[in-house]
Every structure is written in C-alpha cells, then in structure tokens.
Amino acid sequence: MSSDNANKSEERRMDRLAAYGALISILIFVCITWFIVFTNNPTSMGWFPIHPLLLSLGIGCFTYGILTLQPTAYPKTKAAGLQRHQRTMLFVGFPCVALGILAVEIQKFNLGHGHFATWHGIFGLVSVGWLVGQVILGGGSVWYGGAAFGGGMKAKKLWKYHRLSGYVLFPLLLTTAHLGGAWSVWVTSHSQPVVRFVGYTVAPIVAILALYARVRTSKLKFF
Ligand code: HEM
C-alpha cells in the first residue's frame, strides 16, 4: 500500500491478496449502492439518495484508511501511513457519514416519519455514536503529542484501544449497511435480490474477512 521500499518487509505472504480482496469487495458494495440509487430516479426522492451514496462512500474510505495503516512498522512508514489514514478518515470518510446521516434525518423530518424504528436505524445510531468516540480517541491520542489525554506514553497507550475499537466498529458499520441494503423496504422494492445479495451480504463479509486477515495480533495484546 506504499511506495516505500521498507514497506516490502512489513508485508506477509497473503497481505497483498487480502488487501485486493478488501478493496475489490468494498468497491462492489459502493458501485452496487450507486447503481441502485441512480437507476431509480434519484431526483424524485428528496434528500434520501444522498444517504446511501455518501454512507457507502464513507465506508469505502474507512476500508482504505484501515488498509493503509495495517502493515506499517517503521517510523517512516508509520508516519506516512498515519497521514494517509487521517486524511482519508477525517477529511473524506467522516464528513461523508455526517452529511449522509443528516440527509436521511432531514428526509424523515420532512415526511414526518418516526426515527430509529428499524434495526438499521438503531444500528446506525449506535455505529455513528461509536464512530464519533473513535475519532476522539484516535485524534486525542496523536494530535499535539496526545495533549488531550495527558501526552507522551500515557496518550500513546490509548492508540491501541483506538485500533481494537476500530476492528469492532468496521463490522458494525457493515452490519448496519447490510441491514439497510438487504432488508429496508426502499432497497428491496428497488433492486433485484441477487444484486443486493452480492452488494450487501457477500461483499461486506469478504471485506471484513480480508481486513481481518491482515490484522497483526501482536499489536492487539493488552497484557
Ligand atoms: C454504515 C452505513 C450506514 C449507516 C450508519 C446508516 C444509518 C442510518 C440512520 C441513522 C438512519 C435513520 C434512522 C432514523 O432516523 O430512524 C438510516 C435510514 C435509512 N437508511 Fe441507512 N445507514 C447506512 C447505510 C445505508 C445503506 C448502504 C443503505 C441502502 C443501500 C441505507 C438505507 C437506508 C434507508 C432505506 C433508511 C430509511 C429507513 C430506515 O430508517 O430504516 N443505509 N440509516
């Protein structure tokens, strides 16, 4: 995931294959979502189309943002990876999620629909709340030398909780997308079963497995 020579020695045998697996499957998930939206007269649906479009894009960014950090071990590759990670997560992924959620809430407000009445909505609320915590934990432990969490080693130690939490949050986000994509009334009435099965069941499972295959368990030790 980097042009740096040192990065070669950071990769294990199946890492590259897993990275391609994760990227391709998440690309399929994003493309299927955009395909369903754009083939169903999006301009007739008020603010709603922005929701699946931006949320799928946000998840695509998170996938790349995690992949880009996974094999980094040396100070130089770590710093470059962290920069790519922050840019992708903070400046693209997170704003996509925030605006996508805002869009569906405006739509619901305009139509007078109730909130969090489906598993998708409830999982969405939990995962977005978790995401906000994830950003605070990650940013707080590195910005200004981790000043928000006491600085130095004290703050650095929190980074591993951010890492572990991210590996729980990623499947949670994809489970939310699965619930919205495979079960919501709008998607089931505007797409073919095989299309949503591939986009919202197969692709998310492959993305999660591929991303997990690249995890360095040594970095997840807490004792
Ligand atoms: C991780 C990604 C996603 C998150 C966090 C998320 C979150 C949410 C939230 C919070 C709501 C509004 C709940 C409410 O106020 O009641 C909602 C509604 C909705 N979302 Fe998503 N969403 C995601 C992805 C998707 C995708 C990919 C699709 C479709 C392909 C989708 C389709 C819908 C639909 C149809 C609704 C309205 C019906 C309902 O509330 O269940 N969402 N989503």
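Numbers for the structure displayed
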read-out	value
Separation of alpha-carbon centers, the range 40-113 and the range 161-223, rounded to whole Å	14 Å
Vicinal HN-Hα couplings computed from phi for the range 152-169 (Karplus, 6.51 cos²θ - 1.76 cosθ + 1.60; Hz; Gly/Pro x)	x, 4, 4, 6, 4, 4, 6, 4, 6, 6, 4, 5, 4, 4, x, 6, 8, 5
Per-residue HN-Hα couplings for the range 29-46 [Karplus 6.51, -1.76, 1.60; θ = phi - 60°; Hz; x = Gly/Pro]	4, 5, 5, 5, 4, 5, 4, 4, 5, 6, 9, 10, 6, x, 5, 8, 10, x
Most fluctuating residue given options 148, 210, 103, as computed from a GNM of the chain linking Cα atoms under 10 Å	148
Cβ-based exposure ranking for 184, 189, in which fewest neighbours within 10 Å come first	189, 184
Estimated dipole of the range 91-223 in Debye, rounded to 20 [Cβ of Lys and Arg +1, of Asp and Glu -1, Cα centre]	760 debye
Span per principal axis, largest first, for the Cα atoms of the range 75-157 (Å)	51, 23, 19
Positive-pole candidate from 208, 126, 39, dipole of the chain, charges at beta carbon	208
The range 76-133: chymotrypsin sites (Phe, Trp or Tyr not before Pro) falling in loop per DSSP and having at most 13 other Cβ within 10 Å	116
Relative contact order of the chain, pairs being alpha-carbon contacts under 8 Å that are 6 or more residues apart, as %	28 percent
Low-density loop positions, trypsin sites (Lys or Arg not before Pro), the range 8-63 - DSSP coil, at most 15 other Cβ in 10 Å	12, 13
Choice from 140, 150, 181 showing the highest fluctuation, given a GNM over the chain with Cα pairs closer than 10 Å	150
Peptides 214-220, 76-82, 52-58 ordered by average Cβ neighbours within 10 Å, highest first	52-58, 76-82, 214-220
Calculated diffusion of the chain, Stokes-Einstein form, Kirkwood radius summed over Cα pairs, 25 °C and 0.890 mPa s, µm²/s	133 µm²/s
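Read-outs throughout are calculated quantities, based only on the coordinates presented, and are distinct from any laboratory measurement. Not measured: the values here are computed from a predicted model. Using ideal geometry, Cβ is built from the backbone for each residue, glycine included, and neighbour counts are taken over all protein chains shown.
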